[in-house]
Amino acid sequence: MNNRLRAVPAALLAFAASVPQAAAAPAAPATAEPDPIVFVHGWNSDGSTWDTMAGRFRADGRPAGRLDQWTYPTNQSNVTTAHRLAAEIDRVLAATGAAKVDLVTHSMGALSSRYYLKHLGGDRKVDAWVSLAGPNHGTNTAYFCGGASCPEMRPGSPFLNELNAGDETPGAPRYATWWSPCDSVINPDSGTVALAGAVNTETGCIRHTDFPVDARVYEEVKTHLR
């Protein structure tokens, strides 16, 4: 074999080494986990209030371990409940490794959660907040129930006056409320539920207890939580 033929393989190797190699495809970014949702029920109820809504979130892909149907005693002051809620949210954050939670509340659950946001540093730990039929400015029906929490729900109560003083939607959370003109438990309807600085939505004609199970309300809440 002549010297020129022997040189061909060496020349090919040198050429291959000089050709730039294609860059490796970048790894696909990890899918961010959604915020855990902490559900806060209303007076004379418990975490089972949220069975339908939590089931819909699971069916739409929200991990079951990030859906917390919390239960608390409803006859205690909303201030006491707010402190217990703070501990529950810290537990959920530690268990999931999340930085923030979403809060979805029904009826009186709006009040303890708002106290938590305003006074207990909750605005730094909550991404989105939802009030379904919450008596945010009081309801006349609270004159007909007992326990420490009921006087706090009455229009003009010291608790509500303090809670609503100044900014009704403090901090960075995204606030939203829903109310129904057919809600016989929350009176007056729009006047008590809506908050300055929140996205306030009138629903169709649904009853007070139907908010957590209404399909359209669920879709709107899911959109708000993103």
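The values are calculated or read from the model by the stated rules, or taken from the named source; none is laboratory data. Because the structure is a prediction, the values reported are computed rather than measured. Cβ sites come from the backbone with ideal geometry, for glycine too, and all protein chains shown count toward neighbours. What goes into the accessible areas is simple: the full protein's heavy atoms, side chains included, and nothing from ligands, DNA or RNA. Shrake-Rupley method; radii C 1.70, N 1.55, O 1.52, S 1.80 Å.
Observations on the structure shown:
- q = 0.26 Å⁻¹, the range 148-226: log10 I(q)/I(0) [Debye, one scatterer per Cα]: -1.28
- Extended-chain gain in nm, criterion 0.36 nm per residue less alpha-carbon gap, ALA215 and ASN44: 59.2 nm
- When the range 103-151 is reduced to its Cα atoms, the Kirkwood hydrodynamic radius in Å: 11.6
- Applying 1/(1 + (r/R0)^6) with R0 = 25 Å to the Cβ-Cβ distance of THR223 and ASN164 gives a FRET efficiency near 0.40.
- Value in Å of the Kirkwood radius, where the range 129-188 supplies the Cα pairs that are averaged: 12.5
- With the largest listed first and rounded to whole Å, the semi-axes of the equivalent ellipsoid of the range 86-187 from the Cα gyration tensor are 25, 14, 13.
- Residues ASP46, ASP68, ASP51, sorted by accessible area with the largest first, give ASP51, ASP46, ASP68 [1.4 Å probe; ligands and nucleic acids excluded].
- With the helix formula -39500 (n - 2.57) applied to DSSP H stretches of n ≥ 4, the chain reaches a computed 222 nm mean residue ellipticity of -10500 deg cm²/dmol.
- Under-5 Å amide H pairs with ASN187, H placed in peptide plane, nonlocal only: ASN140, THR141
- Distance histogram for the chain (every C-alpha pair counted, 5 angstrom bins, percent rounded to whole numbers): 1, 7, 14, 17, 17, 13, 7, 3, 2, 2, 2, 2, 2, 2, 2, 2, 2, 2, 1, 1, 0, 0
- Surface share of carbon and sulfur [accessible, 1.4 angstrom probe, percent] for the range 160-226: 53
- Computed FRET value (nearest 0.05) for SER157 with ARG58, which takes r as the C-beta separation and R₀ as 35 Å: 0.40
- Theoretical FRET efficiency, 1/(1+(r/R0)^6), r = Cβ-Cβ of THR96 and CYS182, R0 35 Å, to 0.05: 0.40
- Å² of accessible area per residue within the chain, as computed with a 1.4 Å probe and no ligands counted: 49
- Sequence of SER113, SER184, SER190 from largest to smallest accessible area, 1.4 Å probe: SER184, SER190, SER113
- Peptides 129-139, 143-153, 164-174 ranked from most to least packed by the mean count of surrounding Cβ atoms within 10 Å: 129-139, 143-153, 164-174.
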